[in-house]
1. Just to confirm my numbers, what's the Cα centroid distance between the stretch 69-88 and the stretch 114-155 in Å?
2. Counting C-alpha atoms alone, how compact is the stretch 46-199: give Rg to one decimal and Dmax as a whole number, in angstrom.
3. Starting from the amide H of Thr55, placed 1.01 Å from N in the peptide plane, find each other amide H under 5 Å away whose residue is 5 or more places distant or on another chain.
4. So what J values fall out for the stretch 60-76 if you push phi through Karplus, 6.51 cos²θ - 1.76 cosθ + 1.60 with θ = phi - 60°, rounded to Hz, Gly and Pro as x?
5. If amide H atoms are built 1.01 Å from N in the plane of the peptide, which residues on other chains or at least 5 residues away come under 5 Å of the amide H of Phe93?
6. Taking θ as phi - 60°, what are the ³J(HN,Hα) couplings along the stretch 120-133 by the Karplus curve (6.51, -1.76, 1.60), each to the nearest whole Hz, with x for Gly and Pro?
7. Lysine pairs in the chain with alpha-carbon atoms under 13 Å apart, 8 or more places apart or on different chains: how many are there?
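We did not get these values from a lab; they are worked out from the coordinates using the rules stated. A quick note: this is a predicted structure, and the numbers were derived from the prediction, not measured.
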Amino acid sequence: MKRIFFLGLVSIFLGGCVTTWTPVGEENVNYKSNSFSVSLPAGWMQWEAGRNKYTIRVNGVTKKIDAERVQVTNDGPQLQYIDVIFLTKENAFPSIQKALTAGMLPSEIADYEIADTKARTGIEHLKVLKNIPASINGSDGFLLHLRYKNSGGLRIDEVIYGFGSDNGLYTLTYRAPVLHYFDKDYATFDSVVKSFRHS
């Protein structure tokens, strides 16, 4: 029953697009791309089709940007969602068409990330609950806690760890509805963040 519910949510989330979700088992818990590695939560589902693309909607228009990416969910992407992304400097903030530039402070990158999130289609009444410095695998970065309503009026909390490098922007994101789901799986997201390594 849970799997039928999950597949229904996937269909809604992807608007009917064909994609591939695979279980995270012993053979693929340790995920590695060219730019990062991370331990995925066993028993969750991994979206294989999105591993090299970052899809956004701005002003109702869908854009696909090259990326290194891994995404996982447990109960369905509208209920909880962990997203680890590496974007090149030129594509670091695609919703506002801004690049990551040399010498940007973590606080400046965080401000751009807030603006980029706010510009996405379906984000309404965005509030910044937390914007503080953070260390991610030894790199100086930021921690954001955002709250907004989606296009259906559901309150969503989104936590983003991020930092810039000479190559581009790394972000680790957890998003879930405020009620029940956000607290339920936050500890899992924290363990993913702690396992993160970058090249």
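1. The stretch 69-88 and the stretch 114-155 have Cα centres separated by 15 Å.
2. Taking only Cα atoms of the stretch 46-199, I get Rg and Dmax of 14.4, 40 Å.
3. Ile65
4. x, 9, 8, 10, 10, 10, 4, 7, 10, 8, 9, 10, 9, 8, 9, 9, x
5. Lys98, Leu100
6. 5, 4, x, 9, 10, 6, 5, 10, 9, 7, 8, 8, 9, x
7. For the chain, qualifying lysine pairs total 6.
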